[in-house]
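Just below is one structure, and these are the notes that go with it.
The values are calculated or read from the model by the stated rules, or taken from the named source; none is laboratory data. Only a predicted model underlies this, so the values are computations on that prediction, with no experimental measurement involved. In this analysis, Cβ positions are derived from the backbone assuming ideal geometry, glycine residues included, and neighbour counts consider all displayed protein chains.
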Protein chains: 2
Amino acid sequence: MNNKELIDRRARIMGENAPLFYEEPVHIVRGEGVWLYDADGKKYLDVYNNVPHVGHCHPHVVNAIAKQAETLNVHTRYLHEAILDYSERLCATFDDSLSMAILTCTGTESNEIALRMARQHSGGMGIICSNFTYHGNSTAVWELATGFYEDGQSPSPNVKAVPFPDAYRPAFDLTGDVLWEAYANEVKLAIESFEAEGIGFAGLIFCPIFSGEGLPDVPPLYMQRVVEYVHNAGGVFISDEVQAGFGRTGKNMWGHQYYGVTADIVSLGKPMGNGHPVGGVVARADLLNEFRNASMYFNTFGGNPVSCAAAMAVLDVLEQEKLMENAVSTGDYVIQGLKKLQDKHDLIGDVRGHGLFFGLELVTDRTTKQAATAEAKRVINEMRNREILISKIGPHDNVLKMRPPMPFSKENADQLLSTLDDVLAGI
Amino acid sequence: MNNKELIDRRARIMGENAPLFYEEPVHIVRGEGVWLYDADGKKYLDVYNNVPHVGHCHPHVVNAIAKQAETLNVHTRYLHEAILDYSERLCATFDDSLSMAILTCTGTESNEIALRMARQHSGGMGIICSNFTYHGNSTAVWELATGFYEDGQSPSPNVKAVPFPDAYRPAFDLTGDVLWEAYANEVKLAIESFEAEGIGFAGLIFCPIFSGEGLPDVPPLYMQRVVEYVHNAGGVFISDEVQAGFGRTGKNMWGHQYYGVTADIVSLGKPMGNGHPVGGVVARADLLNEFRNASMYFNTFGGNPVSCAAAMAVLDVLEQEKLMENAVSTGDYVIQGLKKLQDKHDLIGDVRGHGLFFGLELVTDRTTKQAATAEAKRVINEMRNREILISKIGPHDNVLKMRPPMPFSKENADQLLSTLDDVLAGI
């Protein structure tokens, strides 16, 4: 069946606007490691997918799923060791205060719990988020995606968005520490507004690497000050580690650890089961028990033995194949390569990244920093035509988003860099 | 590791109140067909679990998962046939007007979409539900679970609960058609209240077999009148088929079809992937396209090839093993057996059911219908000690809930009925 037929069938059964990548969509039929194969046998270097965290179809994960699926798959109201073994191993990777877990099926479900926990604990309803974030697709969580609403405001009075911290396109005419203090002060002001409006402040939720915002470089000072303001006001800090977690940033298992701060609640999703639908919340014991006691929360599929087996296998491979070390060394190698490209191509305004997650901000003019939105679109489509899969992010849709499976090698990096060099030369 | 150690570990890592079945919880390690096995090798007849719909660890489903997991597991922004093949096959089991699908990971996620769709379409916010329902665990969906709130009211002004239809414990001093018209009239009144309050009416959501409410026998008249009121007011009827769907009721693939009504939106979950986390929404094309166009909805794991393979395999087995036919014949057989037990045991106030889903209402007095809540608890624990797993439901927690995997045979039924006979004799 050709692509046109598949696209027509999609429109009929999934809707005209069901999201699809690239001007010429790719019909993928097989995956292995960092590679995806299309129906014609063409091989694509996957520099986009973080969900197949330890590599597409990793045999250790596949075997764990198959073995457990043929043994038992049932909910958690019976005793089973898998959820205990996994939850204990997971919690051990966090600060001691983050000692308890609830397993879910998706990042959205995890953030739903995080918001419910925060609001229940504080008695307030006010949640602060960044002004260009995405935390999931349910009603309460989608209220946080203020950048997707026409007026840039949440439809809910219980959500206030602060300008995300960014030194490349600063929201204030300031530099250095004063700039970060000014950004952090926005959080303080939002807390005060919630209190003044009688809504009360519940907590703040950030992706600690601000991935949807385009991966701005943020110093520890900013996050430390933010968490201080949040805690001083009796709120909780929720770190959404759906993008940043499980060693993606290389140096730390969890994105928030980079800043030397401790989260009160952490939400997990995407890479956790290498594609198997599993997510979770790790939280302070008092918060989690309080939520359990008040809510009777139960998740039918959450924490079932197959999901736990998949998630456990991901942790195994992460350790056995030293993938965090790889994220550091290959990540640095890619950043150096991208910086060399920046010297060569005026289109590259800024090179940013954490471990194996890179943002390349494209601008038509380095002085005015005019976003090269159309050019970014051409680059990702041209890269796709040359069999490398990447995407784009950021409020101006001009930041190339590159976030390969964790076994991404220097050889893979060379292919990415040389192809990107060629493509940029032709833009 | 003994049960006490497992329970202690659970309390430490999952919380004291993480829900667990039975006074003496069961440590399950293996499942096969209608059987679950504990760590000591004891074999339990599973008369509770509807999620392993075609039987625990059914080899056809397990193989489908394993084969696809080793081939490709990726999101739906690339072209792939699995989601199209499955969605088309799924939609073909509904009325023609229900022609499009969105796949999710859980029933909660499905109901989230259903509510967002209904509210967006109507422009109103008001949702009507029954007063003892459960549709999931996210903020917006949990607002519908009014029976779990202390005052029996939703915390949201956008939710109104109507008394669920029940002739065994009627909310009105009426019988026959007049009773059902009175129940339906409550829906009309709720719609009028929403309009009067300026909230606007969006839609009504029911589990068509009222499973959480204790499986009351409801005639087509009631549901037809309700859907008429909903449609006349410009609202949508959401049928939550998480419990009733996929042939559970035997005679119909979908619970709402029994009443001769057509739903506008249908939500799916639990049995869809035999335990693999998959859910979905099937809806009228205009509603689904409208939602897609307005919301940019995307679900990372939803509709991935592995989830589709699991869900497809469930439909295969359902057909190949004629499990709906079995639900009719074995279902009738169980109902006859339960009615015989009712003749013998005064504790049984009412026998109800649909296909392979049974409710046995226990009362201490058949005239006053005093709920035998404590006795129901003793029965399920005593059944567990005799290696049969059941549970209980209903606003008085006195309705035995029996809902085995679909391959449940007459021989299994005999074991259930004779053990229940013994246990009831000892209460």
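Residues are listed down the side, and each one gets a yes or a no for (1) out of contact with any His (no Cβ under 6 Å at 6 or more places or on another chain); (2) under 28 Å from residue B:368 (Cα atoms); (3) at pLDDT 95 or above:
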residue	(1), (2), (3)
B:162	yes, yes, yes
B:178	yes, yes, yes
B:183	yes, yes, yes
B:209	no, yes, yes
B:217	yes, yes, yes
B:221	yes, yes, yes
B:224	yes, no, yes
B:230	yes, no, yes
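Could you name every one of the helices (runs of 4 or more DSSP H) located completely within the range B:277-366 that has at least 2 residues being more than 28 Å from residue B:263 (Cα to Cα), in the same structural domain as residue B:408 (by TED's automatic domain parsing) and not aromatic (Phe, Trp, Tyr)?
Of the helices (runs of 4 or more DSSP H) lying wholly inside the range B:277-366, those with at least 2 residues that are more than 28 Å from residue B:263 (Cα to Cα), in the same structural domain as residue B:408 (by TED's automatic domain parsing) and not aromatic (Phe, Trp, Tyr) span B:323-344.
If the condition is being more than 7 Å from chain A (Cβ to nearest Cβ) and farther than 20 Å from residue A:279 by Cβ, then the range B:277-307 contributes B:282, B:283, B:284, B:285, B:286, B:287, B:290, B:291, B:294, B:295.
Screening residue A:164 on (1) under 30 Å from residue B:118 (Cα atoms); (2) buried (at least 23 other Cβ atoms within 10 Å of the Cβ) shows it passes everything except condition (1).
Note on the range B:8-18: residues that are surrounded by fewer than 17 Cβ atoms within 10 Å (Cβ to Cβ) and at pLDDT 95 or above total 3. The residue list B:310, B:233 contains one member that is closer than 20 Å to residue A:13 by Cα, touching a residue at least 24 places away in the same chain (Cβ under 8 Å) and either in contact with a helix residue (DSSP H, G or I) (Cβ under 9 Å, 6 or more places away or on another chain) or within 13 Å of chain A (Cβ to nearest Cβ) (or both), which is B:310. Quick check: is even one residue across the range B:5-19 part of a helix (DSSP H, G or I), facing chain A (nearest Cβ under 10 Å), among the basic types (Lys, Arg) and closer than 27 Å to residue B:246 by Cα? Scanning the range B:5-19 turns up no residue that is part of a helix (DSSP H, G or I), facing chain A (nearest Cβ under 10 Å), among the basic types (Lys, Arg) and closer than 27 Å to residue B:246 by Cα.
Against the list (1) touching a strand residue (DSSP E or B) at 6+ places or on another chain (Cβ under 8 Å); (2) in the same structural domain as residue A:272 (by TED's automatic domain parsing); (3) of a type in the set (Ser, Thr, Tyr); (4) in contact (Cβ under 8 Å) with a residue 40 or more places away in the chain, the condition residue A:78 fails is (4).
For residues that are touching a strand residue (DSSP E or B) at 6+ places or on another chain (Cβ under 8 Å) and outside any helix (DSSP H, G or I), tally how many sit in the range A:367-387. Summing the residues that are touching a strand residue (DSSP E or B) at 6+ places or on another chain (Cβ under 8 Å) and outside any helix (DSSP H, G or I) in the range A:367-387 gives 5.
Looking only at residues in the range A:260-276 that are more than 7 Å from chain B (Cβ to nearest Cβ) and assigned to a helix (DSSP H, G or I), the one that is surrounded by the fewest Cβ atoms within 10 Å (Cβ to Cβ) is A:271. In the range A:33-50, the count of residues that are basic (Lys, Arg), free of Cβ contacts under 8 Å to residues at least 12 places away in the same chain and either in contact with a helix residue (DSSP H, G or I) (Cβ under 6 Å, 6 or more places away or on another chain) or assigned by TED's automatic domain parsing to the domain that holds residue A:410 (or both) is zero.
The residue that is surrounded by the most Cβ atoms within 10 Å (Cβ to Cβ), counting only those in the range B:137-161 that are of a type in the set (D, E, K, R) and closer than 15 Å to residue B:115 by Cβ, is B:160.
Here are A:341, A:347, A:315, A:389: which of them is within 30 Å of residue B:49 (Cβ to Cβ) and surrounded by fewer than 24 Cβ atoms within 10 Å (Cβ to Cβ)?
It is A:315.
Comparison of A:328, A:351 shows that the only residue that is in contact with a Leu (Cβ under 8 Å, 6 or more places away or on another chain) and β-branched (Val, Ile, Thr) is A:351.
The single condition among (1) over 27 Å from residue B:320 (Cβ atoms); (2) assigned to a helix (DSSP H, G or I) that residue B:257 does not meet is (1). Residues in the range B:168-222 that are in contact (Cβ under 8 Å) with a residue 40 or more places away in the chain and aromatic (Phe, Trp, Tyr) were compared, and the one that is surrounded by the most Cβ atoms within 10 Å (Cβ to Cβ) is B:206. A single member of A:395, A:407 is assigned to a loop (DSSP other than H, G, I, E, B) and either farther than 28 Å from residue A:58 by Cβ or more than 25 Å from the chain's Cα centre (by Cα) (or both), and it is A:395.
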